[in-house]
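Undergrad: Pasting in a structure now, in structure tokens, and then I'll have a few things to ask.
Bear in mind that the values in this text are calculations on the coordinates, not laboratory data. Here the structure is a predicted model, which is why all the values come from computation and not from measurement. In this analysis, Cβ positions are derived from the backbone assuming ideal geometry, glycine residues included, and neighbour counts consider all displayed protein chains.
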Amino acid sequence: MQRTFVAKNEEIGTEWNREWFLVNADGKRLGRLASEIAVILQGKHKPIYTPHVDTGDYIVVINAERIALTGHKWDDKLYQRHSGYMGGLKEISYRRLIERRPTFPLREAVRRMLPKSKLGRRMLRKLKLYAGPNHPHAAQNPTELSL
């Protein structure tokens, strides 16, 4: 009789068993790139994937400020936040947001595609975003990943 494999935290091992990937976001579409990054962070690309265990890998994204959008989204796409007080709704367009915080749109898109739990927050910590082409993770020898 065959049994279904279920990964356990002890079997996954330590952080040294995880791979590091490097993604160049220059010219990539925001949503498509975010969905592929979310799959790797969750570990769904591995045969040992288990929903309640973090089996994912690390991802380093460079050139996050050069992500492409289609159509009129540069001005029409709005990011909203609320202070909790009456009249506290703040809106900012994608164009203004990318000037102030260039890595925020990609981080937010990936965050919304991960589980809404402690596990999802742990997965998001494995995402390293950088606005320019330089990153401090050369010692981990990240594998170039073309998405």
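Undergrad: Among the residues of region 54-68, is there at least one that is part of a helix (DSSP H, G or I), under 23 Å from residue 124 (Cβ atoms) and touching a helix residue (DSSP H, G or I) at 6+ places or on another chain (Cβ under 8 Å)? Before the answer, list the steps.
TA: Let us first name the residues in region 54-68 that are part of a helix (DSSP H, G or I), namely 64-66.
Within this subset, residues satisfying the condition of being under 23 Å from residue 124 (Cβ atoms) are 64-66.
Now narrow it down to the ones that are touching a helix residue (DSSP H, G or I) at 6+ places or on another chain (Cβ under 8 Å): 64-65.
Checked region 54-68: at least one residue is part of a helix (DSSP H, G or I), under 23 Å from residue 124 (Cβ atoms) and touching a helix residue (DSSP H, G or I) at 6+ places or on another chain (Cβ under 8 Å).
Undergrad: Tell me, which residue of region 41-56 that is under 23 Å from residue 141 (Cβ atoms) and touching a residue at least 60 places away in the same chain (Cβ under 8 Å) is farthest from the chain's Cα centre (by Cα)?
TA: The extreme case among them is 54.
Undergrad: Among the residues of region 7-53, what is the count of those that are assigned to a strand (DSSP E or B) and not aliphatic (A, V, I, L, M)? Before the answer, list the steps.
TA: Taking region 7-53 as the starting set, the residues that turn out to be assigned to a strand (DSSP E or B) are 20-24, 29.
Filter once more, keeping what is not aliphatic (A, V, I, L, M): 20-21, 24, 29.
Within region 7-53, residues that are assigned to a strand (DSSP E or B) and not aliphatic (A, V, I, L, M) number 4.
Undergrad: Which number in (1) of a type in the set (Lys, Arg); (2) in a helix (DSSP H, G or I); (3) without any contact (Cβ under 8 Å) to a residue 60 or more places away in the chain marks the one condition that residue 116 misses?
TA: Result: residue 116 fails condition (2) only.
Undergrad: Restricting attention to region 111-147, and to residues there that are charged (D, E, K, R) and surrounded by fewer than 16 Cβ atoms within 10 Å (Cβ to Cβ), which single residue is nearest to residue 19 (Cα to Cα)? Outline the logic, then answer.
TA: In the first step, residues of region 111-147 are kept if they are charged (D, E, K, R); the result is 111-112, 116, 118, 121-122, 125-126, 128, 144.
From what is left, the residues that are surrounded by fewer than 16 Cβ atoms within 10 Å (Cβ to Cβ) are 112, 116, 118, 121-122, 125, 144.
Values: 112: 23, 116: 24, 118: 21, 121: 19, 122: 16, 125: 14, 144: 11 Å.
Going through the qualifying residues, I end up with 144.
Undergrad: OK, next. What's the number of the condition residue 67 fails, among (1) buried (at least 17 other Cβ atoms within 10 Å of the Cβ); (2) on the phi > 0 side of the Ramachandran plot?
TA: Single failed check for residue 67: (2).
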